[in-house]
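Peer 1: Below you will find the structure I want to go over with you.
Readers should treat all values here as calculations from the given coordinates under stated rules, not as data from a laboratory. No experiment lies behind these values; they were computed from the predicted model shown. FYI the Cβ positions are ideal-geometry reconstructions off the backbone, even for glycines, and counts take in every protein chain you see.
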Amino acid sequence: MSTPARPETPAAVDFYFDPACPFAWITSRWMLEVERERPVDLRFHVMSLYLHNVGNELPDWYRDLVDRSVGPVRVAVAAAEQHGDAVLRDLYTAFGSRIHQREDEYAGKFDAVVADSLAELGLPASLAGAAADPAYDDAVRRSHEAGQDPAAGGYVGTPTIHIDGNVWFGPVFNEAPRGAEAARIFDSVRLLADQPDFFELKRTRTGTLRP
């Protein structure tokens, strides 16, 4: 199937991520593919799995992950405050590639993820101290709340993506679509996202994650 012509109006896409979320990671890699095929104004922002799950009962393994995820999120916010929001794209890629694609090397080692990512990007090593500094929690909350769906009164789930101002949970993939296929899917998602009476499309989750 041929790929549709590139639309004239760039899509405004705000992507909200917690570095620890594998589903957000896969969807973010899809959006980077889309960016190569379509005119997209793609911006990255921080959300928090910890804040998203306040008051929720979680399995022990997931509660541990959620609690530890606060560290990298604080570091991301600190980096954005000191170096501008544009730093989040590359910092998220550095965090996520270690957490989700190099799991054997970095499993359970968020401190090492942070330190090695900062070094890779030439960012000050002192930013790692933000991981244990609750002074950044207000900034985390502001960014997190900016990603919420006002109609839902919070997050429906993660990944959360805003397309042309419309707030959506998903799409959720096992593996990021690539190339023309990524663009074709985005065209469909953007079309649905613009429909005020459309609110859900879902099927049973199968297969395995391939981040």
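Peer 1: Give me, ordered by chain and number, the residues 5 or more places off A12 or on other chains with an amide H under 5 Å from its own placed amide H.
Peer 2: Excluding prolines and chain starts, which carry no amide H, the hits are D41, D164.
Peer 1: While we're here: Using 7 Å Cα-to-Cβ label points, what is the A180/R141 separation (nm, one decimal)?
Peer 2: Going from the A180 label point to the R141 one covers 5.0 nm.
Peer 1: To continue, here is another question. Karplus couplings for region 181-189 from phi (6.51 cos²θ - 1.76 cosθ + 1.60, θ = phi - 60°), rounded to Hz, Gly and Pro as x?
Peer 2: Per-residue couplings from phi come out as 5, 4, 5, 4, 5, 4, 4, 5, 4 Hz.
Peer 1: Against the longest principal axis of the chain, how steep is helix 87-96, in degrees 0 to 90 to the nearest 10, with axes from Cα atoms?
Peer 2: Helix 87-96 sits at roughly 80 degrees to that axis.
Peer 1: Also, quick follow-up: List every residue whose amide H lies under 5 Å from the amide H of Y155, counting only residues 5 or more places away in sequence or on a different chain, with H placed 1.01 Å from N in the peptide plane.
Peer 2: D149
Peer 1: Loop-only GluC sites (Glu not before Pro) in region 164-210, please: DSSP not H, G, I, E or B, and at most 11 other Cβ atoms within 10 Å.
Peer 2: E200
Peer 1: Let me ask another. Between region 142-185 and region 20-91, what is the separation of their alpha carbon centroids in Å?
Peer 2: After rounding, the separation between the Cα centres reads 12 Å.
Peer 1: Right, something else. Considering only DSSP beta bridges whose two residues both sit in region 9-162, what percent are antiparallel, to the nearest 5?
Peer 2: Roughly 35 percent of the beta bridges in region 9-162 run antiparallel, per DSSP.
Peer 1: Helix-derived [θ] at 222 nm for the chain: sum -39500 (n - 2.57) over DSSP H runs of at least 4, divide by residue count, nearest 500?
Peer 2: Dividing the helical sum by the residues of the chain leaves -13500 deg cm²/dmol.
Peer 1: I would also like to ask the following. Given +1 on the Cβ of Lys and Arg, -1 on the Cβ of Asp and Glu, and no further charges, what dipole in debye does region 11-193 carry about its Cα centre, rounded to the nearest 20?
Peer 2: My answer is approximately 260 debye.
Peer 1: If you don't mind, there's one more thing I want to ask. Give me the number: length gained by fully extending F198 to K109, i.e. 0.36 nm times residue separation minus the C-alpha to C-alpha distance, one decimal in nm.
Peer 2: Here the segment from F198 to K109 would lengthen by 28.0 nm.
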